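The values are calculated or read from the model by the stated rules, or taken from the named source; none is laboratory data. Note that the structure is predicted; figures quoted are calculated from it, not measured. Using ideal geometry, Cβ is built from the backbone for each residue, glycine included, and neighbour counts are taken over all protein chains shown. Just the protein is used for accessible areas: all its heavy atoms, side chains included, with ligands, DNA and RNA removed. Shrake-Rupley method; radii C 1.70, N 1.55, O 1.52, S 1.80 Å.
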Amino acid sequence: MNYETMKFVSLIKENIEERINNIEEALGGKAAKNYEEYAEMCGEIKGLFAARSFITDLTHYAEEAENE
């Protein structure tokens, strides 16, 4: 994986982490006004965790492919 691609992937992961942290802080601060908002925020975190996992897996596969 070239430097530009690695930097791009890193930036995406950083943005995902930042969004997760922001939502977690909001949940901790009781920002959800009702259960619907709470569930929506939890669902967003779940989706971000999945996206982060997919990106991490793809990065590992690309690195392994380069080493072969």
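A viscosity of 1.306 mPa s and a temperature of 10 °C, combined with the Kirkwood radius over Cα pairs in Stokes-Einstein, give a translational diffusion coefficient for the chain of 118 µm²/s. Each of Ala62, Leu48, Ser10 was placed along the dipole of the chain (beta-carbon charges, centred on the mean Cα), and the one lying farthest toward the positive end is Leu48.
3J(HN,Hα) along the range 2-15, derived from phi through the Karplus expression 6.51 cos²θ - 1.76 cosθ + 1.60 where θ = phi - 60°, amounts to 6, 4, 5, 5, 4, 5, 4, 4, 4, 5, 4, 4, 4, 5 Hz, with x in place of Gly and Pro. Spacing of the modelled spin labels on Thr59 and Lys30, each 7 Å from Cα toward Cβ, amounts to 3.7 nm. If you roll a 1.4 Å probe over the chain with all protein chains in place, what percent of the accessible area is carbon or sulfur? The nonpolar share, carbon plus sulfur, comes to 56 percent. Coupling constants for the range 44-49 follow from the phi torsions by the Karplus curve (6.51 cos²θ - 1.76 cosθ + 1.60, θ = phi - 60°), and in residue order they are 5, 4, 4, x, 5, 4 Hz; glycine and proline get x.
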